[in-house]
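Heads up: the structure comes next, in structure tokens.
What follows draws every value from the coordinates through simple rules; no lab data is involved. Treat the numbers as computed from the prediction; the structure is a model and nothing was measured. Cβ placement follows ideal geometry from the backbone for every residue including glycine, while neighbour counts extend to all protein chains displayed.
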Amino acid sequence: MKLAELFANDGLGIMATAGADGGVNTAVYARPHVIDETTLVWGMTEGRSFRNLSQNPKAAFLFRIDQPGYRGARLALELIRSEEEGAMLTQIKERAATVVGAGAGLAVTHAVWFRVVEVRPLV
């Protein structure tokens with residue numbers, strides 16, 4: 001399944017990051033913005049996931065499609081860059097406000113770009 005097709009589905013996404021000390025963090029994240037089959041972008045706050053990425057550029061994202069059974073994917077990711085302004089961040093903030101509610105995009109301070117290193121089935 002292509003990433004654009006995968007993320008066209010509703011579902012649950014979990015991002016995993018680790019800091020320089022090896023401490024792992026997991027957090028629920030929305031579906032990413034799909035740039036192409038190797039580039040994804042998420043909005044992030046100043047939280048633990050973002051801090052971990054500043055120390056360790058590798059992350060994983062698990063996405064389970066909201067259907068009976070266990071359909072989805074596991075992605076290995078590598079940080080490309082983070083943007084604190086620009087069109088992508090504006091788009092992410094607008095989507096957060098639409099999906100979550102007014103004001104939700106205010107906490108998002110970074111558009112974080114990742115290269116997709118590997119895609120594996122959920123099970």
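Could you tell me which residue out of L62, G86, L40 lies farthest along the dipole of the chain toward its positive end? Charges go on the beta carbon: Lys and Arg +1, Asp and Glu -1, centred on the Cα centre.
Toward the positive end, the furthest listed residue is L62.
Any idea what diffusion coefficient region 3-121 gets from Stokes-Einstein, in µm²/s, Kirkwood Rh on alpha carbon pairs, 20 °C, 1.002 mPa s?
The estimated diffusion coefficient comes to 148 µm²/s.
About its Cα centre, how strong a charge dipole does the chain have in debye, to the nearest 20, once Lys and Arg get +1 and Asp and Glu get -1 at the Cβ?
Dipole about the Cα centre, nearest 20: 320 debye.
In percent, what relative contact order does region 11-50 have, based on Cα pairs under 8 Å that are 6 or more apart in sequence?
34 percent
Figure the gain on full extension for S82 and E5 (residue separation times 0.36 nm, minus the Cα-Cα span) and round it to one decimal in nm.
25.2 nm
Of the chymotrypsin sites (Phe, Trp or Tyr not before Pro) in region 30-100, which ones lie in a loop per DSSP and count no more than 15 other C-beta atoms within 10 Å?
In loop regions of region 30-100 (DSSP not H, G, I, E or B), the sparsely surrounded chymotrypsin sites (Phe, Trp or Tyr not before Pro) are Y70.
Efficiency by 1/(1 + (r/R0)^6): what FRET value for E37 and L106, r their Cβ-Cβ distance, R0 = 25 Å, to the nearest 0.05?
That pair, E37 with L106, gives E of 0.20.
Please list, in order along region 114-119, the HN-Hα scalar couplings obtained from phi with the Karplus expression 6.51 cos²θ - 1.76 cosθ + 1.60 (θ = phi - 60°), rounded to whole Hz, x for Gly and Pro.
The phi angles translate into 10, 8, 7, 8, 7, 10 Hz.
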